[in-house]
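Written below as structure tokens is the structure these notes are about.
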Amino acid sequence: MDFNIFEQRISKIKDLPLPGEASHYKMAPEIRIRELLEGKIKMKNPRKAAVLALFYPSFENKTQLLCILRKTYNGVHSNQVGFPGGKVEQEDKDLRATALRETHEEVGVHPKDVTVIREISEIYIPPSNFEVQPYIGLYREPRPFVIQETEVERFIEIPLTDFLKDTNVVTKKLSTSYAKEIDVPAFELNGYIVWGATAMMLSEIKELLKQAL
């Protein structure tokens, strides 16, 4: 989709009710849904984080969505696809500031160049005990992304038309931090399997976009 058209239409999502957990659960295995429903979030005093789903035009002015592949490290989110973002720091005045600061650090996009459209539903990540606030933003006049070598392995630039295809939703047998060899719903995008919290966020974003576009 042409980015100018996308920019005009995406403003509609500001007034749409959030699909929330109903959209999240479409991309979560049963064992994760049971864990979330048990309300363990209240017992663990989760840490706060924020991420940014950033839409921007390609050289041909086609709308794209930016994801990143995280570095391989000793942690539950090692080598996973996600959005730019991270944990709250003392300097952040709010979660929106966290998402913008982390995006600047990880991919080189300055906060002043981002228009935040809205926040979507928070999501809890049991393995790392984080409660994450996602935001949707526009980057109208993109410059080359700058990779944060210590945390980001590579950028994944996903065409909007590919993201919106229902055929990109698949089921894969994966071993996760909480179970071995289970069927996990996922997105297959640019040759990457995107699952877990990021897939749950993508599911909500996709539902909103399909209503607006």
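Details
- Qualifying residue in region 100-123 (condition: modelled with pLDDT under 95 and part of a strand (DSSP E or B)): yes
- Region 52-69 residues that are of a type in the set (K, R) and modelled with pLDDT of 95 or more, paired with ones that are open to solvent by 10 Å² or more (accessible area, probe 1.4 Å) and in a strand (DSSP E or B) (beta carbon under 8 Å, 6 or more apart): K62/D2; K62/P159
- Residues in region 93-108 that are in contact (Cβ under 8 Å) with a residue 24 or more places away in the chain, surrounded by fewer than 19 Cβ atoms within 10 Å (Cβ to Cβ) and of a type in the set (D, E): E105 only.
- The residues of region 152-198 that are at pLDDT 90 or above, touching a strand residue (DSSP E or B) at 6+ places or on another chain (Cβ under 9 Å) and acidic (D, E), listed by number, are E153, E157, D162, E188.
The values are calculated or read from the model by the stated rules, or taken from the named source; none is laboratory data. Quantities reported herein were computed from a predicted structural model and do not represent experimental measurements. Because the Cβ atoms are built from the backbone with ideal geometry, glycine has one as well, and the counts that use them run over all protein chains shown. Calculation scope for accessible area: heavy atoms of the full protein, side chains included, ligands and nucleic acids excluded. Shrake-Rupley method; radii C 1.70, N 1.55, O 1.52, S 1.80 Å.
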